[in-house]
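S.K.: This structure is in structure tokens; I'll ask about it shortly.
The values are calculated or read from the model by the stated rules, or taken from the named source; none is laboratory data. All values reported here derive from a predicted model rather than from experimental measurement. When we count neighbours, we look across all protein chains shown, and the Cβ atoms used for this are built from the backbone with ideal geometry, even at glycine. The accessibility values were calculated without ligands, DNA or RNA, using every heavy atom of the protein model including side chains. Shrake-Rupley method; radii C 1.70, N 1.55, O 1.52, S 1.80 Å.
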Amino acid sequence: MATVSPAYTGRPPKASRLTEEPPALPLDTRISLRVASNRPLRSGTLTLTPVLGGKPVEVVLQPVEIRGALVTGNFTLTEASAFTLSVRDTDGLGSTETRRGRFTILPDERPRIFVVETGRNAVATPTLRVPLKIQAQDDYGVTRLVWLRGHNRSLERPTSLPMTLRGGPQSVEATGELALDRLGVRPGDVIEYFFEAADNYPRGPNVALSRIYRLEIISEEQYREVLKQAAARKALDRSFVQLLTS
């Protein structure tokens, strides 16, 4: 069996023996079969029956050479199918046994999104700039990373983020920032945002969404108080650890 996967998968062509284990292949994979016999062959027949119901399809296998013992044929895998395979020799005799099995579809999975920075709800003053770092992974390729943002429950226009490949299209990274000084925010405002990743599946694309993050705008005085409380908690934790280890 030789397989040629769809171009979008980036998979190289592959040749292997057709074993008892049902091969799982991407949708629209081109499959070529090469069948050998101990007798000169006239033809062969591959019957494909959709697993979920539908009309069987027959693929004729043709001899490689006159009175040769090899027949070949090919087809495109468009749905999960059971198959039966038989051959007929040059005297018109059919094979005593038929080969049976199935081809299954390897699903194209949705991308996965990882918000590295800032991956939590937070507070900030109107003059801060909040850095953002997002990573996305897919089984074949990520084609789009979008940043969606709302200010006080008013949805703003989505922003496409320039992507950097991390070894290939299957893993990408993007960075950005919330420039609060340019947004004209004030204490009491709330910014909510999330990210969307899309893959390169031609019949899709498949889309994944991150969780929603919340950024609350506070005054400089409130921010100093937050920092003071955080420092107090850190000092308390350090004292507690020293007490346990003493």
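S.K.: Scaled to the compact-protein estimate 2.2 N^0.38 Å, what is the alpha-carbon radius of gyration of the stretch 75-149, rounded to two decimal places?
M.R.: Normalised Cα radius of gyration, the stretch 75-149: 2.36.
S.K.: Would you mind getting the Kirkwood hydrodynamic radius of the chain from its Cα pairs, rounded to one decimal in Å?
M.R.: With all distinct Cα pairs of the chain included, I get 23.2 Å.
S.K.: Here is a follow-up. So, with a 1.4 angstrom probe, what is the percent of accessible area on the chain that is carbon and sulfur?
M.R.: It is 51 percent, rounded to a whole number.
S.K.: Right, here's the next one. Which one of Leu155, Leu128, Thr143 has its Cα pushed farthest toward the positive end of the charge dipole of the stretch 109-246, where Lys and Arg give +1 and Asp and Glu give -1 at the Cβ?
M.R.: With unit charges placed on the Cβ atoms, the residue in question is Leu128.
S.K.: Run the dipole for the stretch 155-226 about the Cα centre, Lys and Arg Cβ at +1, Asp and Glu Cβ at -1, nothing else charged, and hand back the magnitude in debye, nearest 20.
M.R.: So the magnitude is around 360 debye.
S.K.: Same structure, new question: List every residue whose amide H lies under 5 Å from the amide H of Asn200, counting only residues 5 or more places away in sequence or on a different chain, with H placed 1.01 Å from N in the peptide plane.
M.R.: Amide H to amide H, under 5 Å and 5 or more residues apart or across chains, Asn200 pairs with Gly141, Thr143.
S.K.: What fraction of the Cα pairs in the stretch 1-72, stated in percent, has a spacing above 21 angstrom? Can you show the working numbers first?
M.R.: Values: 977 of 2556 pairs.
Counting every Cα pair in the stretch 1-72, those more than 21 Å apart make up 38 percent.
S.K.: With axes computed from alpha carbons, what is the tilt in degrees of helix 220-245 against the longest principal axis of the chain, rounded to the nearest 10 within 0 to 90?
M.R.: 70
S.K.: Now a separate question. Let's see if you can work this out: charge +1 on each Lys and Arg Cβ, -1 on each Asp and Glu Cβ, no other charges. What is the dipole magnitude of the stretch 94-159 about its Cα centre, in debye to the nearest 20?
M.R.: 200
S.K.: Over the chain, with the other protein chains present, what is the accessible area per residue in square angstrom, probe 1.4 angstrom? Please list the in-between numbers first.
M.R.: Numbers: 15170 Å² over 246 residues.
Here the per-residue accessible area is 62 Å².
S.K.: Would you list the P(r) distribution for the stretch 114-220, with all Cα-Cα distances sorted into 10 Å bins from 0 and each bin expressed as a whole %?
M.R.: The percentages, shortest bin first, are 14, 45, 27, 12, 2, 0.
S.K.: What translational diffusion coefficient, in µm²/s and rounded to a whole number, does the Stokes-Einstein relation yield for the stretch 137-179 at 10 °C and a viscosity of 1.306 mPa s, taking the hydrodynamic radius as the Kirkwood radius over Cα pairs?
M.R.: 135
S.K.: Given the DSSP H assignment, sum -39500 (n - 2.57) over each helix run of at least 4 residues in the chain and divide by its residue total; what's the result at 222 nm in deg cm²/dmol, nearest 500?
M.R.: That calculation yields -4000 deg cm²/dmol at 222 nm.
S.K.: Hey, rough spin-label estimate for Arg224 and Thr90, points 7 angstrom out along Cα→Cβ, what's it come to in nanometres?
M.R.: Label at Arg224, label at Thr90, 9.9 nm between them.
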